[in-house]
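A short write-up of the structure that comes next.
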Amino acid sequence: MKIGIIGAGKWGTALHFALLQKNEVYITSRHKHNLTNFVSLEEILTLEYLILVLPAQVIREWLQAHPLSPHHKVMLASKGIDIKTKKFLNQILEEYLPLNHLAFLSGPSFAAEVSKGLPTAVVVNSTNENLAKKYAAAFPDFMKAYISDDIVGAEIAGAYKNVIAIAGGICDGLQLGNNARAALLARGLVEMDRFAERFGAKKETFLGLSGAGDLFLTASSKLSRNYRVGLGLAQGKKVEEILKELGEVAEGVYTARAIYEIAKEYAIYTPIANEVYRILQGKDPKQSIIDLLERNENDSSNC
Ligand SMILES: NC(=O)C1=CN([C@@H]2O[C@H](COP(=O)(O)OP(=O)(O)OC[C@H]3O[C@@H](n4cnc5c(N)ncnc54)[C@H](O)[C@@H]3O)[C@@H](O)[C@H]2O)C=CC1
Ligand SMILES: O=C(CO)COP(=O)(O)O
């Protein structure tokens, strides 16, 4: 299969390494990289099967500047929610290509481990089963690719887990212990599912790789940029300083605001995401812990 990857950050280059095992893979980025088959964007756009791996907050402007053609098929590998429009990334891509030309990649997949060829499981989500199978078949033997049609669930799970991962970093940074982290991840998963089901997502998506799998991976490891943001916040650092030190994208910082605003508009109970948003705005993380431990009549569901 000939594949064109757009974006040569950590995840784009990891996918380039992995997919080269079984495919003819080309890659492009706004800056030149010394990678096999690094070509111009113009050359990439002559290919039919593409993978878009840019930070979520630039996807919309990138698509506006580089309109895709009707023959393109795109698998989006980014995770986030556009804060300007409050749209999920599948909603944005559907403005540029028909749904049956789109697939969305989700699941527990640190680029650093994929680049080492370590065993990884992902999910290719599409309403077009044949397209999902085609992209899934492109993955190498060390990456097991499942398929699903729950695009909304996968998109929300992949975005929301980054916000809970920031909370996980805060929890460990404050040395609150294993009991606290377990409670946080369990209640975070319930919150992710509660939010997503309002937009038609399937509960089973949150019990699988896209939800629980990616959440447990990201919210407990220093390999996660979002978890490391949480560690910095627990040390009292400002988010601007943390992101400067990080030098890479931490999607949860933007997704937290998107979820906070969407949840307010739709009256969805999202206590953990709300506290992460408030901490990013300067609230003392220790006060957030106190507030989250307070009983609330909304807490009874899905214990
Ligand atoms: N790193 C990882 O382990 C994983 C990342 N992802 C997702 O993949 C997406 C990309 O993440 P990473 O590659 O890790 O980020 P990164 O920070 O390593 O790289 C981002 C890339 O996007 C490029 N870029 C930034 N602004 C741009 C613009 N306006 N136009 C064109 N290119 C631009 C940068 O030059 C850089 O090459 C994110 O949504 C992330 O959540 C998903 C799974 C794993
Ligand atoms: O999405 C990821 C793993 O599945 C990467 O997480 P971070 O963006 O927090 O590094």
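The values are calculated or read from the model by the stated rules, or taken from the named source; none is laboratory data. These numbers come from a predicted model, not from an experiment. Note that we place each Cβ from the backbone using ideal geometry, even for glycine, and neighbour counts take in every protein chain shown. Heavy atoms of the whole protein, side chains included, go into the accessibility calculation; ligands, DNA and RNA do not. Shrake-Rupley method; radii C 1.70, N 1.55, O 1.52, S 1.80 Å.
Select, from 209, 189, 217, 184, the only residue that is farther than 18 Å from residue 155 by Cβ, open to solvent by less than 80 Å² (accessible area, probe 1.4 Å) and not assigned by the TED database to the domain that holds residue 121. It would help to see each step written out before you state the result.
On the way: 209 fails: farther than 18 Å from residue 155 by Cβ; 189 fails: farther than 18 Å from residue 155 by Cβ; 217 fails: farther than 18 Å from residue 155 by Cβ.
Residue meeting the stated conditions: 184.
Take the residues of the range 98-112 that are more than 9 Å from ligand 2 (Cβ to nearest atom) and not aliphatic (A, V, I, L, M): which is farthest from residue 140 (Cα to Cα)?
The qualifying residue farthest from residue 140 (Cα to Cα) is 98.
In contact with a strand residue (DSSP E or B) (Cβ under 8 Å, 6 or more places away or on another chain) and on the phi < 0 side of the Ramachandran plot: which single residue out of 284, 172, 214, 193 fits that description?
The conditions single out 214.
Sort through 242, 259 and tell me the only one that's surrounded by 24 or more Cβ atoms within 10 Å (Cβ to Cβ) and in a helix (DSSP H, G or I).
Numbers: 242 fails: surrounded by 24 or more Cβ atoms within 10 Å (Cβ to Cβ).
The match here is 259.
Within the range 275-291, can you find the residues that are in contact with a helix residue (DSSP H, G or I) (Cβ under 6 Å, 6 or more places away or on another chain) and of a type outside the set (Val, Ile, Thr)? Explain how you work it out, then say what you get.
Of the residues in the range 275-291, the ones in contact with a helix residue (DSSP H, G or I) (Cβ under 6 Å, 6 or more places away or on another chain) are 275-277, 279-280, 285, 288.
Scanning the range 275-291 gives 275, 277, 280, 285, 288.
Just to verify a result, which residue in the range 266-288, among those that are farther than 16 Å from residue 232 by Cα and in contact (Cβ under 8 Å) with a residue 60 or more places away in the chain, is most open to solvent (accessible area, probe 1.4 Å)?
Among them, the one singled out is 266.
Name the single residue, out of those in the range 190-208 being aliphatic (A, V, I, L, M) and within 18 Å of residue 251 (Cβ to Cβ), that is farthest from ligand 1 (Cβ to nearest atom).
The residue in question is 196.
Tell me, yes or no, whether the range 293-303 has at least one residue that is modelled with pLDDT of 95 or more and either open to solvent by 80 Å² or more (accessible area, probe 1.4 Å) or not in a helix (DSSP H, G or I) (or both).
So far as the range 293-303 goes, no, none of its residues is modelled with pLDDT of 95 or more and either open to solvent by 80 Å² or more (accessible area, probe 1.4 Å) or not in a helix (DSSP H, G or I) (or both).
How many residues are open to solvent by less than 40 Å² (accessible area, probe 1.4 Å) and more than 16 Å from ligand 2 (Cβ to nearest atom) if we restrict to the range 9-23?
Residues that pass the stated criteria total 3.
Could you please find all residues in the range 91-108 being farther than 23 Å from residue 46 by Cα and touching a residue at least 24 places away in the same chain (Cβ under 8 Å)?
Hits for the range 91-108 are 106, 107, 108.
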